[in-house]
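**Q** Pasting a structure here, questions to come.
Each value in this text was obtained by applying a stated rule to the coordinates, not by laboratory testing. The structure presented is a predicted model; accordingly, all values stated were derived computationally and were not measured. Note: ideal-geometry Cβ built from the backbone for every residue, glycine included; neighbour counts use all protein chains shown.
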Amino acid sequence: MRKFLCLTLLVALGSIMAYAADDHPKVETFAGFTYMRANSATNVPAFSMNGGGGQLAVNFNKYLGFVMDIVAVHNGNISDVHLDTTFINYLWGPRVSLRYSRITPYFQVLLGGMHAGTSIRVNAIPVPPSATQPIYLPGETTPVPSNTPVTLRAVASQTGFAWAPGGGLDIKINKHVSFRPIGLDYVMTRLQNVRDLEDRNQHHLRYTAGMNFTFGAR
């Protein structure tokens, strides 16, 4: 009986020590700045985009977690032709974290989609088809006089597949706050080329930095 009690105490103590050693945040939320170097896969040269985003990570144990990522970036004047473009990505996937006392490198592979919206300024001179069929601009009740220059925006948008392998580094400030000086991801998207209407792969590089907030650690 005494041996049984000793064995039970040893097992319980070992379980407590293992539980304490696996001290990790159960949930993490990140918010910060995002820079993307984008490639259109057309004759438009590579361009820079800026914006922000956030992440929600649920950790199953000290090393393995699941991440949900949403980021929006924008450039209002690509190639000096006032091509206004916004990318919004929404990605999910596994993350592996290597947790040390003050720093946590992580690696992840995310899958999902990207929504791309683009508009460009167009200058035109509307000519009514006949005197009895005037042209009205959206929201206007007065017809446009013939041969009067107007400025419009041509708009296009689409949603396609995206995936992003990458990683980063968190530096612990206190129990609930960490600073992320770098998160770096290769982002591949598959969007339709608006000129030949064929699906093409685009290759981008994404950098993020900001604050990571952790919850559930003991």
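One line per residue, one yes/no per condition, for (1) surrounded by 14 or more Cβ atoms within 10 Å (Cβ to Cβ); (2) under 15 Å from Gly166 (Cβ atoms); (3) not basic (Lys, Arg):
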residue	(1), (2), (3)
Tyr63	yes, no, yes
Gly76	no, no, yes
Thr86	yes, no, yes
Asn89	yes, yes, yes
Gly93	yes, yes, yes
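**Q** Here's a follow-up. For region 21-72, which residues satisfy the criterion of being assigned to a loop (DSSP other than H, G, I, E, B) and among the aromatic types (Phe, Trp, Tyr)? Outline the logic, then answer.
**A** Going residue by residue through region 21-72, those that are assigned to a loop (DSSP other than H, G, I, E, B) are 22-26, 39-46, 60-63.
Listed by number, the residues that qualify are Phe60, Tyr63.
**Q** Determine the pairs where a residue that is over 23 Å from Asn50 (Cα atoms), located within region 85-106, has a partner that is in a loop (DSSP other than H, G, I, E, B) with Cβ atoms under 7 Å apart, the partner being 6 or more residues away or on another chain.
**A** Val96/Tyr63; Ser97/Tyr63; Arg99/His24; Arg99/Lys62; Thr104/Leu98; Pro105/Leu98
**Q** Separate question: Scan region 166-197 residue by residue and report those that are in contact with a strand residue (DSSP E or B) (Cβ under 7 Å, 6 or more places away or on another chain), farther than 20 Å from Gly112 by Cβ and of a type in the set (D, E, K, R).
**A** From region 166-197, those in contact with a strand residue (DSSP E or B) (Cβ under 7 Å, 6 or more places away or on another chain) are 166-173, 176-194; that's our starting set.
With farther than 20 Å from Gly112 by Cβ added as a condition, the list becomes 169-173, 176-182, 193-194.
Those that are in contact with a strand residue (DSSP E or B) (Cβ under 7 Å, 6 or more places away or on another chain), farther than 20 Å from Gly112 by Cβ and of a type in the set (D, E, K, R): Asp170, Lys172, Arg180.
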